[in-house]
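Quick notes on the structure that follows.
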């Protein structure tokens with residue numbers, strides 16, 4: 001795959017921009033470098049990201065930090081069982097003064113949407129959001145409205161407390177380019193979190209005061225702009241993808257389809273996502289070409305949620321990550 | 001009697017006769033069918049059904065008894081079980097225990113739809129199968145046969161199933177690597193062959209450096225960090241993946257050590273790590 005290479009000056013500028021975002025987010029969110037990288041990959045490739053992790057791992061803070069750093073509009077929706085599609089996309093309401101219907105746009109009209117605990121909403125609501133993610137436009141009444149660009153959904157789901165939740169089906173999971181599983185912080189990082197939290201102090205508000213949170217540390221000064229982000233997105237498209245890399249990608253995706261322990265292998269969308277995400281990762285790591293290490297680093301986040309273990313593999317106690325590693329490390333045929 | 005009054009009495013008597021229930025006198029029935037003989041007057045003291053056993057050809061019940069002067073009037077119900085003529089008097093006895101002598105017979109006929117002798121209820125007797133030995137001997141015999149069968153399956157059967165022809169051995173990684181190296185060094189390899197060679201080189205160093213238990217990403221990172229393997233991998237990556245491969249790269253010299261690679265080279269080396 002050939003690509004027109006960006007000038008070295010522009011490439012260096014993009015590298016600096018991405019490095020700046022990572023540094024700024026890291027000043028607020030401790031020890032989540034990989035997650036920040038995944039959010040940036042999703043931003044640069046217009047893919048959507050599903051974060052899976054227990055509560056309290058700074059998912060909201062992370063997304064808020066990224067949106068403020070890049071100067072993007074940010075909205076957050078807490079998904080609950082009684083949420084309606086109109087609560088997300090908006091609705092037509094009757095204006096009492098003019099006696100005419102006017103459109104009330106929902107919180108989906110933003111650049112960066114955090115869909116918190118997406119698996120708690122009813123399937124109808126999930127479908128409404130996932131349809132908007134796919135088509136990047138919503139219909140309210142008889143009118144269709146395009147969503148702002150860039151538009152990125154970062155959804156979260158809790159791997160525990162599955163009672164009263166609606167698990168996303170495979171077809172809908174496939175819409176998420178990446179599904180990243182958040183881990184607990186290392187003891188050193190957790191200690192740093194506690195140290196920073198202890199030094200937050202109090203914020204005066206009129207005659208009263210409230211204890212400062214990490215959100216207060218974010219500040220209002222953006223270090224980037226939507227224009228710079230767009231230029232970075234254009235640069236991602238210039239990252240070179242070799243024929244050999246495409247061969248590796250097709251081989252790995254095909255191995256999932258013929259693996260005896262897998263009932264469902266990866267879709268072609270997985271291959272597309274692997275290449276797109278690898279290009280963004282290469283740019284973040286200062287390369288203008290992709291390498292197999294990008295493939296290996298992203299395979300788990302791109303492929304795991306697109307694979308389903310067979311009944312016998314489950315009975316044997318196999319896990320999807322184990323099977324994926326078998327596939328990645330399998331000797332060539 | 002006045003003619004008008006006599007006519008009225010005659011009419012009443014006719015109506016009374018018409019309204020009176022007709023007594024049943026069923027003297028013949030087929031096997032198993034219930035039949036009744038009603039309002040029959042039998043002389044002497046009261047009669048009851050005589051006790052019988054299950055082999056009795058007729059079952060008799062006394063449904064009702066009324067005094068009839070010095071005698072009694074009965075409603076009887078009978079069921080014939082054996083075809084032929086039977087005397088119901090044989091199945092009656094005096095309630096006071098006195099003999100029933102002097103009573104006229106009360107014959108009934110039981111008919112059958114089956115030909116005579118077709119069935120003989122109660123005659124079937126279980127016939128034991130011929131057995132030369134006792135049940136215990138039979139159990140012992142079965143146990144011995146089972147044990148012999150098990151021994152045959154375990155020892156003789158396994159020997160039979162041993163493959164007589166050895167399964168074809170798949171080519172080793174080294175066997176697959178050598179032609180690819182030759183093709184790449186000769187400039188004849190396509191993209192698929194180059195990609196396979198890269199995967200084989202990673203597999204080779206993964207084995208040599210003892211990284212089999214690491215994830216793919218961690219293994220590649222460790223290979224890149226190794227002095228010998230890292231230098232090779234970076235050069236191969238530059239040749240395969242960079243938009244413009246380095247001009248100074250001598251691919252033939254780079255791949256020279258892998259032209260003579262053997263299967264043992266894919267084993268972990270003790271002097272590494």
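The values are calculated or read from the model by the stated rules, or taken from the named source; none is laboratory data. Note that the coordinates shown come from a computational prediction; the quantities given were computed from them, not determined experimentally. Cβ: placed from backbone, ideal geometry, glycine included. Neighbour counts: every protein chain shown.
Before moving on, here are some points about what is shown:
- In the range B:83-103, the qualifying residues are those that are free of Cβ contacts under 8 Å to residues at least 24 places away in the same chain and assigned to a loop (DSSP other than H, G, I, E, B), and the one that is farthest from residue B:53 (Cα to Cα) is B:101.
- Count of residues meeting criterion [crowded, with 19+ Cβ neighbours inside 10 Å, in contact with a helix residue (DSSP H, G or I) (Cβ under 6 Å, 6 or more places away or on another chain) and in a loop (DSSP other than H, G, I, E, B)] in the range A:148-167: 0
- Qualifying residue in the range A:98-108 (condition: out of contact with any helix residue (DSSP H, G or I) (no Cβ under 7 Å at 6 or more places or on another chain), in a loop (DSSP other than H, G, I, E, B), surrounded by 12 or more Cβ atoms within 10 Å (Cβ to Cβ) and touching a residue at least 40 places away in the same chain (Cβ under 8 Å)): no
- Residue satisfying all of: in the range B:207-218; in a helix (DSSP H, G or I) and at the interface with chain A (Cβ under 7 Å from one of its Cβ atoms); farthest from residue A:327 (Cα to Cα) among these: B:217
- Of the residues contained in the range A:116-126, none is found to be touching a strand residue (DSSP E or B) at 6+ places or on another chain (Cβ under 8 Å), under 25 Å from residue A:229 (Cα atoms) and crowded, with 23+ Cβ neighbours inside 10 Å.
- Restricting the range B:185-205 to residues that are at the interface with another protein chain (Cβ under 7 Å from one of its Cβ atoms) and within 17 Å of residue B:172 (Cα to Cα), the residue that is farthest from the chain's Cα centre (by Cα): B:198
- Any hit, the range A:281-289, residues being more than 12 Å from chain B (Cβ to nearest Cβ), assigned to a helix (DSSP H, G or I) and buried (at least 19 other Cβ atoms within 10 Å of the Cβ): yes
- For the range B:167-184, filtering for residues that are surrounded by 14 or more Cβ atoms within 10 Å (Cβ to Cβ), more than 9 Å from chain A (Cβ to nearest Cβ) and under 56 Å from the mean Cα position of the chain (by Cα) leaves 2.
- Exactly one residue out of A:304, A:298, A:324 is touching a strand residue (DSSP E or B) at 6+ places or on another chain (Cβ under 9 Å), within 12 Å of chain B (Cβ to nearest Cβ) and under 23 Å from residue A:276 (Cα atoms): that is A:298.
- One residue from A:12, A:3, A:42, A:75 being surrounded by fewer than 18 Cβ atoms within 10 Å (Cβ to Cβ), at negative phi and modelled with pLDDT of 85 or more: A:75
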